[in-house]
Amino acid sequence: MSGSLFQLPDELILTTLAQTFPCREAQIRALSTLLYPGAAPCRNLVIYGTEATGKSAITAALLTRLSDQPADDGFSLQYAVVNSAECITARHLYESVVGKVADALAWDGPPSRCETVSQLTVELAKMLKYTTRPDGFRFVLVFDGIDRQRDAPHTLLPALARLSEIIPSLTTVFIVTSPPPHFLLTSSVPHLHFPTYTKPDFISILSVSPPPALPNTTAQETADLWARFTAAVHDALARAASRTLPSFTHACTALWPRFTGPIHAGTHTAREFSKLLVAARVHFQDERLLDPGVLALALTTTTTTTTIITPTQQQQQQPKKEPNNTTTAMANAGADLAHLLPTTPRLLLLACYLASHNATKTDLTLFSTHHHGRRRRGGGLSVSGGGRGRGRPRSKHRKIARKLLGAHAFVLERMLAIFAAVRGEWESLSLSQQQQQQGEEVLLQKGDADIGMAIATLASLRLLVRVGGTAAGGDAMDCGGKWRVNVGWEVIRGLGRGVGVEVEEWLID
């Protein structure tokens, strides 16, 4: 094997790293091939991917293992990692590079000032090119987050890519988020992509270290429950609030004690996953648990406080406790949403709810002022029995309120028409309520609001969801596109009351 032209590092190193960083074995092997001196080292390497995909951590861990490997096969590797977030200016970056390369090589020379890329090239050539090194020596210089370097000249990246042409034993690694095409102005630069983690990746990564065993539950049952729990958290919060691995891990850690509360209380077992999910549905809908702020901690600790009560008090208080917690949590969510959203997105969300829960045939009666000069609200439609015989009694049947049913899809053009019809009246209600609460004059801004930006904001918060064939792509402002509101009645009622609108008056059963 020593006479081979292509030699990979020790397999134990790659296997250990693959176990440490699950779902990244392909990237680890490709990176080791492009960096190890005995394999196929390259001059420049671009590692790209979104935030929290393991680019920096895996690169640093692999270089640490390769540099610690004994040089029995004639190959040796040294490295230095420069974080651009720690460098204020370009000169700070140059001097940081020289200092970290000197520390990695144990260079005895005094540090010198570097104000340009030319001076940086001279200093690196002194340490790497004009100093006697073994034939199998390789130095890897990593620029982490170089695309976010502050006060960087437009020629910085192409100049850094030319360093390996002057210094043959140097490999320059650029870790970026989204590289523009040909941004190094150098041909044949290999790119290594770190894709975002998928749902199976999240589950497999968190399943490596499951939580401790629950009471009256084996370790295997706890691990199985943890895997199903992480899948449920991903479906509920991943696209809205936990898109990265650290945020998803924080979400699972915050929700796990509340999810397993009935198991500790002895009311449910680990095998009753559906009942546990129904009992914890309020926590899955409340994103305040994911906020690390002091206010969110104070709000959540009040719902998890346990007290010792007598059996008589338990019979009197227990039937009222759970509904009050659920109603209070949903009302608080609506109040928080009313404070966080501006006026135009609030009114748009109310119009979307009306478009989802009112039938299309009632729009003319509910929102038009052509015939009677005012809008009919409060269930203004009446059902007549003209089609029935006079002597035949009317059949009695119960109808479920539309607000208790699921939201229906609506066309964007219809929602915009509803918004245009009720916008003036709702804005006047919101204005009068602000005047009463604040005690000062609030001027109403006339003119067209940015409706497209408001719809994009609601869609990014997953308060509106696109449905149909255009859900995966296409123009978001297509008037023929179909949408569905993604909030419940309690939230909408609190949101409407926050702007002085009683939504019940605008619903027709």
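Mind checking which residues of region 214-235 are open to solvent by 60 Å² or more (accessible area, probe 1.4 Å), in a helix (DSSP H, G or I) and not hydrophobic (A, V, I, L, M, F, W, C)?
Gln220, Asp224, Arg228, Asp235
Does Val98 satisfy the condition of being assigned by TED's automatic domain parsing to the domain that holds Phe75, among the aliphatic types (A, V, I, L, M), open to solvent by less than 30 Å² (accessible area, probe 1.4 Å) and in a helix (DSSP H, G or I)?
In short, yes.
Which of (1) outside any loop (DSSP other than H, G, I, E, B); (2) of a type in the set (Ser, Thr, Tyr); (3) not assigned by TED's automatic domain parsing to the domain that holds Glu272 does Thr186 not meet, given it meets every other one?
(1)
Residues checked against (1) farther than 29 Å from Gln285 by Cα; (2) at pLDDT 85 or above; (3) aromatic (Phe, Trp, Tyr):
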residue: Phe419; (1), (2), (3): no, yes, yes
residue: Trp426; (1), (2), (3): no, no, yes
residue: Gln435; (1), (2), (3): yes, no, no
residue: Gln438; (1), (2), (3): yes, no, no
residue: Glu441; (1), (2), (3): yes, no, no
residue: Gln445; (1), (2), (3): yes, no, no
residue: Ile455; (1), (2), (3): no, yes, no
residue: Leu458; (1), (2), (3): no, yes, no
residue: Val465; (1), (2), (3): no, yes, no
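Which of the residues belonging to region 134-144 are assigned to a loop (DSSP other than H, G, I, E, B), open to solvent by 20 Å² or more (accessible area, probe 1.4 Å) and touching a strand residue (DSSP E or B) at 6+ places or on another chain (Cβ under 9 Å)?
The one that is assigned to a loop (DSSP other than H, G, I, E, B), open to solvent by 20 Å² or more (accessible area, probe 1.4 Å) and touching a strand residue (DSSP E or B) at 6+ places or on another chain (Cβ under 9 Å): Pro134.
Is it fair to say Ala238 is open to solvent by less than 90 Å² (accessible area, probe 1.4 Å) and at pLDDT below 90?
The answer is yes for Ala238.
Looking at Arg138, Arg148 in this structure, which one is touching a Pro at 6+ places or on another chain (Cβ under 8 Å), of a type in the set (Lys, Arg) and assigned by TED's automatic domain parsing to the domain that holds Cys87?
Selected residue: Arg138, the only one of Arg138, Arg148 that is touching a Pro at 6+ places or on another chain (Cβ under 8 Å), of a type in the set (Lys, Arg) and assigned by TED's automatic domain parsing to the domain that holds Cys87.
Could you tell me whether any residue of region 157-169 is surrounded by fewer than 17 Cβ atoms within 10 Å (Cβ to Cβ), modelled with pLDDT under 90 and over 23 Å from the mean Cα position of the chain (by Cα)?
Among the residues of region 157-169, not one is surrounded by fewer than 17 Cβ atoms within 10 Å (Cβ to Cβ), modelled with pLDDT under 90 and over 23 Å from the mean Cα position of the chain (by Cα), which makes the answer no.
Just checking, does region 19-29 include any residue being farther than 27 Å from Ser187 by Cβ and of a type in the set (Phe, Trp, Tyr)?
Within region 19-29 (the criterion being farther than 27 Å from Ser187 by Cβ and of a type in the set (Phe, Trp, Tyr)), the answer is yes, since at least one residue qualifies.
Yes or no, residue by residue, for (1) free of Cβ contacts under 8 Å to residues at least 12 places away in the same chain; (2) not hydrophobic (A, V, I, L, M, F, W, C):
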position: Asp103; (1), (2): no, yes
position: Trp107; (1), (2): no, no
position: Pro110; (1), (2): yes, yes
position: Leu120; (1), (2): no, no
position: Lys129; (1), (2): no, yes
position: Asp135; (1), (2): no, yes
position: Val140; (1), (2): no, no
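Please verify whether Val208 is surrounded by 14 or more Cβ atoms within 10 Å (Cβ to Cβ) and not polar (S, T, N, Q), treating the condition exactly as stated.
When the stated conditions are applied, Val208 does not pass them.
Every residue in region 77-92 that is in a helix (DSSP H, G or I) and either more than 31 Å from the chain's Cα centre (by Cα) or closer than 25 Å to Cys23 by Cβ (or both), please.
Ala90, Arg91, His92
Show me the helices (runs of 4 or more DSSP H) entirely contained within region 5-76 in which 3 or more residues are touching a residue at least 24 places away in the same chain (Cβ under 8 Å) and surrounded by 19 or more Cβ atoms within 10 Å (Cβ to Cβ).
25-35, 55-68
The values are calculated or read from the model by the stated rules, or taken from the named source; none is laboratory data. What you see is a predicted model, and the numbers here were worked out from it, not measured in a lab. Cβ sites come from the backbone with ideal geometry, for glycine too, and all protein chains shown count toward neighbours. Calculation scope for accessible area: heavy atoms of the full protein, side chains included, ligands and nucleic acids excluded. Shrake-Rupley method; radii C 1.70, N 1.55, O 1.52, S 1.80 Å.
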